Structures are given as structure tokens and as C-alpha cells.
Ligand SMILES: NC(=O)C1=CN([C@@H]2O[C@H](COP(=O)(O)OP(=O)(O)OC[C@H]3O[C@@H](n4cnc5c(N)ncnc54)[C@H](OP(=O)(O)O)[C@@H]3O)[C@@H](O)[C@H]2O)C=CC1
Ligand SMILES: Nc1nc(=O)c2c([nH]1)NC[C@@H]1CN(c3ccc(C(=O)N[C@@H](CCC(=O)O)C(=O)O)cc3)C=[N+]21
């Protein structure tokens, strides 16, 4: 292996420390930031995330609430839950875990969240603010990726960035953030022609596809910075393991730096969720925002 390992786990611990200091300061003024997570039905990936998040929210000194609703919850009942959380002054951040069961309209639910409490940054208002370069809530996973890229590369301007994946929760906001930092951005997806060739031109390659080890080392430009967002659970050698969208072993021989899975983007996502909750709480109270925790 020649690539430097980007230690998301250590980076995330540092951010959580900064968040905890910010929370302690607020507590001195009688304010406790609070995050409410709504989970509808059962989804194995979501459960890991919700569990880790609950523990880390409390460790940072914040209030944490988990609202578990049955899979057969109606749209009206879910909208009513969101309205309750919007109206609750102790709740500064609301996250509705995705995906929702198929009978529910996720867009309607997300757009019912008060934009200032939308710590996922998925509400159309926040999406629009981000796209026009205005202050917004920034989606946690892309924000974590951006922080790692800036930390390693400093100024990103002029670099060729390729984002593989165009979802609303990762690919699109990632591309917006990279554009905001003056990268030349290409967004690739399942209809992209010559993906291998495209990836080989990337100084920054972000993989957010959901296909285990899809990107091999020979798609990577020597020295490139590779951010692997994929979280894929696979069976191998008779056991379950977590792998990314990048074939780590071959990629690490070519890349300049690479995030591992686990221990890369995942922990940063949760750290950024806590950071966004602190930011939302400061904004709600008209207090100065924490430095270094926003885009
Ligand atoms: N680490 C973390 O914190 C997080 C990790 N994840 C993980 O990231 C991955 C992506 O998540 P998400 O964005 O929600 O996934 P989606 O399924 O919503 O989007 C996947 C994207 O990949 C594209 N794609 C699929 N197949 C190919 C292919 N063969 N070649 C090129 N592009 C392809 C799709 O293209 P098209 O639009 O054309 O269908 C789509 O745009 C998953 O593994 C998920 O578990 C997600 C969120 C947070
Ligand atoms: N509204 C909403 N917002 C999200 O941000 C959101 C979501 N829904 N639904 C599901 C995806 C997925 N996601 C993860 C976050 C952290 C880890 C994580 O902590 N991963 C650890 C390891 C976890 C393990 O050991 O299984 C790591 O990569 O090191 C994983 C996945 C957020 N998502």
C-alpha cells in the first residue's frame, strides 16, 4: 500500500470533541441542544446508524430522542409527529431516517420539517440555499467528505472532481460543495459512458454508488484522493463484513490518499450530524455559530 490512509474515525472524534465544547458553552447559558430521530419500521442499515448516533449525541452532552414508529405508520401520523417536533422548543434538530417504507411520501415528510431544524439538509429550501451558495444546513455525509478533503488538500480550487452517484442525499450535494470550493465537477451515474476513463481523470474521486468494490485501482489516477462513501454488507469467507464501493486493496496501491470502510466517511457523517445540531441550536437562539463545523 502506498496511499495515505484518511482516518475518518480519528477526525470524527476530534469534531465530536469540538461539538462537546460548544455544547458545554451553551449549557453555561442554560441551553441544551437536542436531536430527535424518527425511525419508521425496520431497516438494518438505519439501525446501525441510529444506535451509533444515539450514543454519540449523549456523549457530546446533547439531548437525544428516538421516535420508533411501526412500519405501517400512515402518512398523516408521520406528518403529525414531524409537526410536534417542529413545535417543540427543546428539539433543535430533526432527522427522519431514510429510506421510509414504500407507502410513505418521503419528499412530503422532509419538506414538512422546519428548515432550521433540518439537520440532514434535505429540505428543498436548504437544497436551494446550498445550490445558490447561501447559508444553509449542509447534508452530513457530503459535509464530512468535504472536511476530509480540505484537511488533506487545503485549497481545492481547479482540481478535477468526479462524483460517482447522483442521489439527493450524497451525490448531488457532494457535487455542489465541490463546486462551491471551485473544483471542476463531473457527476457520473448508471448511464455514464466510459466511467473508467472518466474516473482516471479525477484528482478527487468520490464513490457513492452502493456496489461493493465496483471501482478498481486501475480506474484511479496515480496520487488521487479517493473518498469511499459506500457501505455494503457482504458475505465473504463465511462471515459478514462491511466494504466500500472502491476495491480498497488495489486502489490503495495507486491513490495518494484513501478513506477506509469502515472507519472513513461513516463516523464523519455522525460527527457532522452532531455539528449540524449544535449549529441549528445556535441559530435558533441567535447565538454565534461554532467555528470550523460548517461548510
Ligand atoms: N457513509 C455514510 O455515511 C453513508 C453511506 N451511504 C452509502 O453510500 C452508497 C450510496 O448511497 P445513496 O447515494 O443513498 O444510493 P442511491 O442508491 O440513492 O444512489 C446510487 C447512485 O449510484 C448510481 N449507480 C448505480 N449503479 C451504477 C453503476 N454501475 N455505475 C455508475 N453509477 C451507478 C445510481 O445511478 P442512477 O441515478 O442512474 O440510478 C445512483 O445515482 C450506499 O452504499 C450507501 O449505503 C449513504 C449515505 C451515508
Ligand atoms: N435521513 C437520513 N440521513 C442519513 O444520513 C442516513 C439515512 N437517513 N439513512 C441511512 C444512511 C446511512 N448512514 C450511515 C451513517 C453512518 C454510518 C457509520 O457509522 N458507519 C461506520 C460503521 C458502522 C458499522 O460498523 O456497521 C463506519 O463506516 O465506520 C453508516 C451509515 C446515514 N444515512
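Ranked by how many other Cβ atoms sit within 10 Å of their own Cβ, fewest first, the residues 204, 110, 169, 55 fall in the order 55, 169, 110, 204.
When the P(r) is computed for segment 237-282, the part past 11 Å accounts for 74% of the Cα-Cα pairs.
Given the DSSP H assignment, sum -39500 (n - 2.57) over each helix run of at least 4 residues in the chain and divide by its residue total; what's the result at 222 nm in deg cm²/dmol, nearest 500? Mean residue ellipticity, 222 nm, calculated: -12500 deg cm²/dmol. Given the chain, what percent of its DSSP beta bridges are antiparallel, to the nearest 5? Here the antiparallel bridges make up roughly 15 percent for the chain. For the chain, the longest principal axis of the alpha carbon atoms and the long axis of helix 44-59 meet at an angle near 60°. Rounded to the nearest 0.05, what FRET efficiency is calculated for residue 69 and residue 289 with R0 set to 45 Å and r the Cβ-Cβ distance? Calculated value: 0.90.
Over the chain, what relative contact order in percent results from Cα pairs under 8 Å that are six or more residues apart? Relative contact order, the chain: 22 percent. Among 82, 229, a tally of other beta-carbon atoms within 10 Å of each Cβ gives an order, fewest to most, of 82, 229. Taking other C-beta atoms within 10 Å as the exposure proxy, 183, 140 rank 183, 140 from fewest upward.
Segment 103-152 and segment 241-290 have Cα centres spaced 14 Å apart. Here the peptides 281-287, 61-67, 152-158 are ranked by packing, the mean other Cβ count within 10 Å, and the order with the highest first is 61-67, 281-287, 152-158. When the chain is treated as a Gaussian network with alpha carbon springs shorter than 10 Å, the biggest mean-square fluctuation among 48, 38, 254 belongs to 48.
Take the Cα coordinates of segment 30-117, assign each an equal point scatterer, and use the Debye formula without solvent to give log10 I(q)/I(0) at q = 0.13, 0.22 Å⁻¹. Reported log10 I(q)/I(0), two decimals: -0.40, -1.11. With kT/(6 pi eta Rh) evaluated at 37 °C and eta = 0.692 mPa s, and Rh the Kirkwood radius from Cα pairs, the chain diffuses with a coefficient of 168 µm²/s according to Stokes-Einstein.
Readers should treat all values here as calculations from the given coordinates under stated rules, not as data from a laboratory. Here the structure is a predicted model, which means the values were calculated and not measured. Every residue, glycine among them, receives a Cβ derived from its backbone with ideal geometry; neighbour counts consider all protein chains shown.
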